[in-house]
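The values are calculated or read from the model by the stated rules, or taken from the named source; none is laboratory data. Only a predicted model underlies this, so the values are computations on that prediction, with no experimental measurement involved. Positions of Cβ are generated from backbone atoms using ideal geometry, with glycine treated the same way; all protein chains shown enter the neighbour counts.
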Amino acid sequence: MGPLPFAVLISGRGSNMLALERATRDGRIDGRIVSVVSDRANAAGLDAARELGLETAVLEHRPGMDRAEHGRRLSAILERSGAQLVALAGYMRILDVDFVRKWQRRLLNIHPSLLPAYRGLHTHRRVLEAGEGHHGCTVHFVVEELDAGPAVIQGRLTVRPGEDEERLSARVQRLEHIIYPRAVGWFAAGRLAWRGGDVVLDGQVRVPDLVEEDA
Ligand code: GRF
């Protein structure tokens, strides 16, 4: 079969993309990144990807480009790259319905909350404001509805008294960098699939796997 060709979509720093890349080099993921695509030409993660010698592409939003057009162009880039899995890693555009349908079951996302709690943006702030005891991150398959797809693995931590948004988000990111490579590694090894309505790992229907901080 050979290493799984996959693409990573970013808009910013790309620290999850870098975590995935590291995992392809140290053997945790039997795959290779064939394209890093950003909707922002100035995304810091693009420079980091280029420095690593990865193929990059920029798909900026232009006046008059609607969501469907963006989705078609993105699909064309991904098809040309030969990607068989697409990992969203901080990609800040809502994806077109046809795009999601086309890549469904081959489309993963990392979200900074314990889904189904706290879909959407500013999760760390909202978690602190609500006085939650726990927080974390989730890797899930992507469906048309935002942040609503079936979860694969979650990272969980205890919110510390007096903790601010910056510190909390840094702790969540450390967990992201553990769980995302793990999920992509499973997929690349043919161990993970979303079949029918179920997430299946090693032939078993799974509730999301859970990694505790410092575990
Ligand atoms: C991560 O926190 C991820 O959960 C969210 O966007 C952020 C991307 O960070 N979807 P990075 O660009 O991977 O550093």
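Restricting attention to region 84-107, report how many residues are more than 11 Å from the ligand (Cβ to nearest atom) and hydrophobic (A, V, I, L, M, F, W, C).
Matching residues across region 84-107 total 9.
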- prompt: What helices (runs of 4 or more DSSP H) completely inside region 49-164 contain at least 3 residues that are in contact (Cβ under 8 Å) with a residue 24 or more places away in the chain and under 30 Å from R32 (Cβ atoms)?
  reply: 67-81, 97-103
field: Residues being of a type in the set (D, E, K, R), without any contact (Cβ under 8 Å) to a residue 40 or more places away in the chain and either more than 14 Å from the ligand (Cβ to nearest atom) or in the same structural domain as A19 (by TED's automatic domain parsing) (or both) - total across region 168-194
entry: 1
- prompt: Any idea which residue in region 1-10 is surrounded by the most Cβ atoms within 10 Å (Cβ to Cβ), counting only those that are at pLDDT 95 or above and either more than 22 Å from R171 (Cβ to Cβ) or more than 9 Å from the ligand (Cβ to nearest atom) (or both)?
  reply: V8
field: In region 178-201, the residues that are within 24 Å of G2 (Cα to Cα) and not aliphatic (A, V, I, L, M)
entry: Y180, P181, R182, G185, W186, F187, G190, R191, W194, R195
task: Evaluate the following for L59: is it within 16 Å of the ligand (Cβ to nearest atom) and either under 18 Å from G90 (Cβ atoms) or out of contact with any strand residue (DSSP E or B) (no Cβ under 9 Å at 6 or more places or on another chain) (or both)?
output: no
